[in-house]
Amino acid sequence: MSPSDATAGSTRLFSHVTAQAPGKVNLALAVGGPREDGYHPVASVYLSVSMLEEVTATPRGDGEVSVSLSDHSSVFVDPEAIPQDASNLAARAALLLREQLGLDPATHGVHLEITKQVPVAGGMGGGSADAAAALVACAALWDAGLSRQDLADLGADLGADVPFAVTGGAAVGLGVGDELTPLLARHPVHLVLVPATTGLSTPQVYALLDELRADGTLPAPEDEPAVDPELVQALTAGDPERLALLLHNDLQVPAAAMVPELSDMLDVGLEEGALAGQVSGSGPTVMFLARSAEESYQLAARIEDRTGVAAVAVHGPVHGARVL
Ligand code: ATP
């Protein structure tokens, strides 16, 4: 925070605070049938990855909470697809925190500049990462005195993936994905991500899953979705070959039905030497597992050469939301 510190008498003020939060992939995602409230119970293994969102919070004395998108955002990010008003998840995070802290809404405004790397509606929780980064940046700006766990709990009100973007690392997520149990995954997982420029609506992918299950195209869901303990073991042991055999995503079939090119992309990655490939979350980002960092760079280059589509080598787990 130091470069942006300003001092006014004995009160220390920040001219701005920048925080980062990671996108995520689901190494496993088992989805149950819809509950009465419309939400689906899930059992997920989350991995935070080195594709990071950045939010710079600058105080506004007029009480407004505003959002803009930085020019340094990735080429995968279509500015038109991102609300730049109070419905943006980062703005909602700031408004929620301000209310929680009981700050005067007439004077405690903030401008949030978001630098997006995570593709929009890509199944990687990019909006949730923006919310997590905004929570952490505003908590520092407003001297909130809240713990990481407090911020994660607060984030759950904004979206199921927000608590994980606050905590980072690797975790099992139950409930709607917000009941997190951190995993001691010390070995890096190397992945190649192939983002798509157009997004997929998460609710529509879930709705198609329900439809395909109802008409018998897919088997009926388990009563209680569960995480495969063998996958957790492969992750914590740092065994990519075993992990490759255990990746699983119930949303892959509906996502690939909505975007048929996903199946072709999965084939390309496997032909080019990926250990395994899978749609990330609700898609359409596709992820491939590699044996090492070196192999992930080579795989990304081969996929790009062959398809002309950008592919990004990343690793996880990484830190949760934090001030730079
Ligand atoms: P999830 O799987 O958690 O739904 P996702 O990665 O598929 O996430 P996001 O990029 O988080 O999808 O965004 C989904 C939608 O949320 C977007 O289409 C957009 O309309 C809205 N949205 C609100 N705030 C943001 C934000 N800061 N960044 C991106 N999208 C946002």
Starting from one equal scatterer on each C-alpha and no solvent at all, send me the Debye-based log10 I(q)/I(0) for region 45-149 at q = 0.10 Å⁻¹, two decimals.
-> -0.27
P(r) of region 189-316 in 5 Å steps, Cα pairs, percent per bin?
-> 2, 11, 19, 21, 19, 15, 9, 3, 0
Would you mind computing, in nm to one decimal, how far apart the modelled labels at Glu211 and His187 are, each placed 7 Å from Cα along Cα→Cβ?
-> 4.1
When all protein chains stay in place, what accessible area (Å², nearest 10, 1.4 Å probe) is found for Asp305?
-> 130
The chain: spread of alpha-carbon positions along the three principal axes, whole Å, largest first, is 63, 46, 38
In region 135-237, the GluC sites (Glu not before Pro) that sit in a DSSP loop and have at most 14 other Cβ atoms within 10 Å of their own Cβ are Glu222
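With a 10 Å radius around each residue's Cβ, average the other Cβ atoms per peptide and rank 200-208, 165-173, highest first.
Taking the mean over residues of other Cβ atoms within 10 Å, the ranking is 165-173, 200-208.
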Between the alpha-carbon centers of region 55-105 and region 250-324, tell me the distance in whole angstrom.
-> 29
Measure of exposure for Glu271: accessible area at 1.4 Å probe, Å² rounded to 10, is 120
Leaving out ligands, DNA and RNA but keeping every protein chain, what accessible area does Val253 have, in Å² rounded to the nearest 10, with a 1.4 Å probe?
-> 70
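What number comes out for the charge environment of Asp264, summing +1 per Lys or Arg and -1 per Asp or Glu over other residues with Cβ under 13 Å away?
In short, -3.
Please get the size of the charge dipole for the chain, origin at its Cα centre, with Cβ charges of +1 on Lys and Arg and -1 on Asp and Glu, quoted in debye to the nearest 20.
Computed about the Cα centre, the dipole is about 820 debye.
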Report the calculated FRET efficiency for Asp37 and Gln298 (r = Cβ-Cβ distance, R0 = 45 Å), to the nearest 0.05.
-> 0.45
Fraction of alpha-carbon pairs over 17 Å apart in region 91-135 - percent | 39
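How about region 176-247: which trypsin sites (Lys or Arg not before Pro) there are in a DSSP loop, with at most 14 other Cβ atoms within 10 Å of their Cβ?
Listed in order of number, the matching sites are Arg186.
The values are calculated or read from the model by the stated rules, or taken from the named source; none is laboratory data. What you see is a predicted model; the values in this text were computed from it and never measured. Cβ atoms come from the backbone with ideal geometry, glycine included; neighbour counts cover every protein chain shown. Note: accessible area is taken over every heavy atom of the protein model, side chains too, but ligands, DNA and RNA are not part of it. Shrake-Rupley method; radii C 1.70, N 1.55, O 1.52, S 1.80 Å.
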